[in-house]
Amino acid sequence: MTIKRESILSAIVTALAGTTGVSSRIFRSRVEAVARNEAPALLVEPGDDVANQRPVSNCWIDWNLTVDIAVYTRGAVPDQLAAPIVEDVHAKVMEGRTLGGLVMDIWPARVQHLKDQADATAGWTVLSYGVRYRTRADDLTQ
């Protein structure tokens, strides 16, 4: 079985399929640099995952997970190039706000705009989302 956090990240990657201008360039926690010919691309990564014990029951733990989705673009004005991709990513992540019942809620937390001088200007627009989900106290898969 897979722990619930991994199921959530996988569901987000699946939800992002067909994102405007990205095609199949959606990566999960990629460690190698994104090549110039791979732009635009999306990278989905987990951030902090904080447990909040429910006071009503010792059987369940509510978690607040941060998920970062980086939109990688190359060009003179990378944040402008990212705008239609960001719009589509946000719509896909927020659709239903439960990932088909896998999570309790999703909300936007922050957006960062980063630039990198490579052989041409590269930009990262990082969308951070808060995700609330619940697991059994004794089993992270349920």
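The values are calculated or read from the model by the stated rules, or taken from the named source; none is laboratory data. Remember, predicted model here, so these are calculated numbers, not experimental data. Neighbour counts are summed over all protein chains in view; Cβ atoms, including those assigned to glycine, are modelled from backbone coordinates with ideal geometry. For accessibility, only protein heavy atoms count, side chains too; no ligands or nucleic acids. Shrake-Rupley method; radii C 1.70, N 1.55, O 1.52, S 1.80 Å.
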Taking only protein heavy atoms and a 1.4 Å probe, what accessible area per residue, in Å², does the chain have with all protein chains in place?
54
Accessible area (Å², 1.4 Å probe, nearest 10) - residue 110
120
Per residue convex hull volume, Cα only, the chain, in Å³ is 108
Rounded to the nearest 500 deg cm²/dmol, what is the calculated helix-only ellipticity per residue at 222 nm for the chain, with -39500 (n - 2.57) per DSSP H run of length n ≥ 4?
-6500 deg cm²/dmol
Would you kindly state how much longer the chain becomes between residue 137 and residue 109 on full extension, computed as 0.36 nm times their sequence separation minus their alpha carbon distance, in nm to one decimal?
7.5 nm
Using only C-alpha atoms and all pairs of different ones, pull out the Kirkwood radius for the range 7-69 in Å with one decimal.
13.7
Pseudo-spin-label distance residue 28 to residue 62, built 7 Å along Cα→Cβ, given in nm, is 2.7
Arrange the peptides 123-129, 98-104 so that the one whose residues have, on average, the most other Cβ atoms within 10 Å appears first.
123-129, 98-104
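Can you tell me the dipole magnitude for the range 1-133 around its Cα centre, using point charges on the Cβ only (Lys, Arg +1; Asp, Glu -1), in Debye to the nearest 20?
180
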Cleavage-rule hits (GluC sites (Glu not before Pro)) in the range 36-130: DSSP loop, at most 15 neighbouring Cβ within 10 angstrom
95
